[in-house]
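Structure record follows, encoded as structure tokens.
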Amino acid sequence: MRDSSLGPLLAVFYGCGFLAGFNENLVNMALVAIMGDFSIDAVAAQWLVTGYMIAVTVVVTCMAYLYRRLSTRTLFFAAAALSIAGSAGGFLAPNFLLLLVARLVQAVGTGVFIPLMMNVIVDRVPHGRLGTYLAIGSAMITIGPATAPIVTGFMVSDLGWRSVFLVPLAAAVALTVAGIFVVRGGREPELVRFDLPSALLTAAGVTLLCVGLSEVTLRPVVGAVALIGAVLALGWFAQRQEHLARPLVSLEPLHHGTFWPAALLVMVTMMTYFSLSVMAPLYFEEAAGLAASMAGVLMVAPVLANATASVLSGRALDRWGEWPLLPTGLA
């Protein structure tokens, strides 16, 4: 599709991808200040990040259903409204519990943006340019977290931790206004069945996994029980998907040797990245004694390197195709 509306449409959805990535690291530089204001420890504070990622994971799991069931325009404005509500709630939250609830609402909203952006690109971009446009989308998701630490670091230092929520609030409002004019068309909604047990198994499995990993060193028995529960829930989820005519998430690509190694590497990479994105600011501020603004600057370089590699690999994919990029024996 090469019509004149494609550029503005992709610009809005790239902005959505950037916002979703920005929100992932939104509170990282504010964790120390939040811990002081609400008198909580680092284990409790990190749930503002972990809880966000759990909610995003559940939303992404359900996204195939949502994309078939609702129009692109409906999904976009629903996600924008939830993002606005979550950001406003975070700014006004009087206690830690309501702050966590606001983060979860924000996660549901912005969690729709990433898969929606990717689906719009796949549906509307010519196949020969798909690698480049997908890589730009991936870079937006990565540049967002790179920008968040430096922006929010200075804001926390100068304006206090609540101010960080004003950035996604303003961005979501701006994207909503732009979306009124450019987010149109798309595929027709389908009447498809939502598999609630699969969604519940995903939520239970991911939550138990995070609880297990966070508790296993402090309370080994609790952590071990949670990890066993996570394995059982996620195993049951996988088994259920294999036997459903219309699974919530198709696991069929994992049967192919060209897909599962890449998926495994992405999982390890994301685990490393997100754990460091939480722990590094805590170290820089509490152990090294740096200001939040300086800690934010130190977080930028590795993520920008990742974004650059993403764009270059996308251009390579368009030029040479996927096969030359794979090690011998996997193709």
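The numbers here are math on the coordinates, done by the rules we state, and not lab data. Since the structure is predicted, the reported quantities are computational estimates derived from the model, not experimental observations. Please note: Cβ atoms are built from the backbone with ideal geometry, for glycine as well, and neighbour counts cover all protein chains shown.
If we count every other residue with Cβ under 13 angstrom of Ser198's Cβ, Lys/Arg +1 and Asp/Glu -1, where does the sum land? Working shown, then result.
Details: positive: Arg193, Arg240, Arg246; negative: Asp195, Glu242.
Residues near Ser198 contribute +1 overall.
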**Prompt:** Roughly speaking, what is the stretch gain from Ala316 to Leu159, that is 0.36 nm per residue apart minus the C-alpha to C-alpha distance, in nm to one decimal?
**Reply:** 52.2 nm
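Estimate the FRET efficiency between His256 and Ala224 by the formula 1/(1 + (r/R0)^6), using the beta-carbon distance for r and 45 Å for R0, to the nearest 0.05. Could you put the intermediate results ahead of the total?
On the way: r = 33 Å, r/R0 = 0.74.
Efficiency at R0 = 45 Å is approximately 0.85.
Taking the Cβ of each residue in Ile228, Ile136 as the centre, tally the other Cβ atoms inside 10 Å and list the residues starting with the fewest.
Ile228, Ile136
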**Complete:** Between the modelled labels at Trp236 and Val268 (7 Å from Cα along Cα→Cβ) the distance in nm is 3.0
**Request:** Note down the nm distance, to one decimal, between modelled labels 7 Å out along Cα→Cβ at Thr308 and at Leu191.
**Result:** 5.4
**Fill in**
Once normalised by the length of the chain, the mean sequence separation of its alpha carbon contacts under 8 Å that are 6 or more apart gives a contact order in percent of 28
**Asked** Between Leu213 and Asp123, what length in nm is gained on full extension when 0.36 nm per residue of separation is reduced by their alpha carbon distance?
**Response** 28.6 nm
**Request:** Report the paramagnetic label zone for Ala42: residues of region 212-255 whose backbone N is under 20 Å from a point 7 Å from Cα along the Cα-to-Cβ axis.
**Result:** 212-220, 223
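So how do Met53, Met271 line up by other beta-carbon neighbours within 10 Å, fewest first? Please report the intermediate quantities before stating the final value.
Values: Met53 17, Met271 11.
Ordered by Cβ neighbours within 10 Å, fewest first: Met271, Met53.
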**Request:** Would you mind ranking Thr110, Thr207 so that the residue whose beta carbon has the fewest other beta carbons within 10 Å leads the list?
**Result:** Thr207, Thr110
**Asked** What helices does the chain hold that run 18 Å or longer along their axis, going by alpha-carbon atoms, with a Kyte-Doolittle average of -0.5 or more, using DSSP H for the helix calls?
**Response** 6-24, 47-69, 72-92, 96-124, 130-159, 166-182, 196-215, 220-243, 260-282, 300-320
**Asked** Roughly what would the spin-label model give for Leu244 and Leu298, points 7 Å off Cα along C-beta, in nm?
**Response** 4.4
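Tell me, in nm to one decimal, what length is gained between Arg73 and Ala288 on full extension, where the rule is 0.36 nm per residue of separation less the Cα-Cα distance?
Values: separation 215, 0.36 × 215 = 77.40 nm, distance 4.66 nm.
My answer for the length gained is 72.7 nm.
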**Asked** Per the Debye formula with a single identical scatterer at each Cα and no solvent contribution, what log10 I(q)/I(0) holds for the chain at q = 0.08, 0.12, 0.14, 0.15 Å⁻¹?
**Response** -0.39, -0.92, -1.27, -1.44
